[in-house]
Amino acid sequence: MGNGKIYVIGLGPGGREQMTTRALRALEECNCVAGYGLYLNLIEGLIAGKERIETGMTRELERCRAALDAALDGKTVALVSSGDAGVYGMAGPLLEVCAGSPVPIEVIPGITAACSGGALLGSPLTCDFACVSLSDLLTPWEVIEQRLRGAAAGDFALVLYNPSSKKRADALPRACAILLETLPPETICGLVRSIGRKGESRTLTTLGGLAAQPCDMLTTVFIGNSKTRAVDGWMVTPRGYRGL
Ligand code: SAH
């Protein structure tokens, strides 16, 4: 049998209406789906009857190798990530694992939490912004601190992915303390949780109040730049037009 193919698919934040048509078509076409169990459950209705390669949260490389093996076996494989597969997702590791293999690969973009969460809050990322993951699983905490200080010094609006987990309950308060070295406590901030899923919520606060907000693995945090304002309950970073 000839080689199959691998689609690396960003599913968006959750919910079919936030998936692209291209992602839906690739899911339809594949006969084998690989991904973290929670995400496979989210798309249960779209992948009924298809072979599944399911591995735990921290078994990403195993999942990539299993996807490659299935494709070498002639299968059309969909490797799925939440949001966009290229943003703290599976696209990078898959491309590295498949280096030198004859299997064709297509990376299909999805709506990352910065965009879907930004839309829930209003328009916090109108101008230049940076994303920092607070997970120190693969990045040393010193590097994370350095990036937070760089973003604050550059007056970037900031999106924090992975702001908390059971093992790192203090990550957000630590990040806040670093940002407060440079930024005023009045800086407008927002949190979004479970975007596109059951229990979706949004909160507006300030940098001074951010550390005390409840926050977990399903939360994404937004920190405004020096111009960001609260406008009728929306978080808005002005584009800079005169007359507004
Ligand atoms: N590839 C994903 C990010 C994976 S890292 C993307 O592009 O969105 C995991 C982090 O992403 C979470 O800790 C959270 O900060 C954010 N995230 C992913 N899905 C989310 C959702 N539905 N609601 C809120 N935050 C989400």
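Details
- Amide H contacts of L79 (H built 1.01 Å from N, in plane; Pro and chain starts excluded): Y7, V8, I9, A34 sit under 5 Å, all sequence-distant by 5 or more or on other chains.
- Sorted on the mean count of surrounding Cβ atoms within 10 Å across their residues, most packed first, peptides 183-189, 116-122, 218-224, 32-38 read 218-224, 116-122, 32-38, 183-189.
- Per-residue [θ]222 nm for the chain (sum of -39500 (n - 2.57) over DSSP H runs n ≥ 4, rounded to 500): -8000 deg cm²/dmol
- The range 5-111, accessible surface, carbon-and-sulfur percent (1.4 angstrom probe): 50
- Note, ³J(HN,Hα) from phi for the range 130-147, Karplus 6.51, -1.76, 1.60, rounded to Hz, x at Gly and Pro: 10, 10, 10, 8, 8, 7, 9, 4, 10, 10, x, 4, 4, 5, 4, 4, 4, 6
- Gyration tensor (alpha-carbon) shape descriptor, the range 112-224, a/c threshold 1.5: rounded
- Based on protein heavy atoms only, the chain ends up with 50 Å² per residue of surface accessible to a 1.4 Å probe.
- Radius 15 Å from Cβ of L148, net charge of other residues (Lys, Arg +1; Asp, Glu -1): -2
- Accessible surface of the range 114-236 [probe 1.4 Å, protein heavy atoms]: carbon and sulfur percent: 56
- Across the chain, the longest run free of exposed loop sites, meaning trypsin sites (Lys or Arg not before Pro) lying outside DSSP classes H, G, I, E and B with no more than 15 other Cβ atoms within 10 Å, spans 60-165.
- Neighbour cut-off at most 11 other Cβ (10 Å), DSSP loop, GluC sites (Glu not before Pro), the range 76-182: E181
- Extent along the principal axes, Cα only, for the chain: 62, 37, 32 Å, with the longest axis given first.
- Scalar couplings 3J(HN,Hα) for the range 151-161, obtained by applying the Karplus form with A = 6.51, B = -1.76, C = 1.60 to θ = phi - 60°, are 5, 5, 5, x, 6, 7, 5, 10, 10, 9, 8 Hz; x denotes Gly and Pro.
- Secondary structure note: in the range 1-111, about 5% of the DSSP beta bridges are antiparallel.
The values are calculated or read from the model by the stated rules, or taken from the named source; none is laboratory data. Here the structure is a predicted model, which means the values were calculated and not measured. Here Cβ is always computed from backbone atoms with ideal geometry, including for glycine, and neighbour counts include all displayed protein chains. Accessible surface areas use protein heavy atoms only, side chains included; no ligands, DNA or RNA. Shrake-Rupley method; radii C 1.70, N 1.55, O 1.52, S 1.80 Å.
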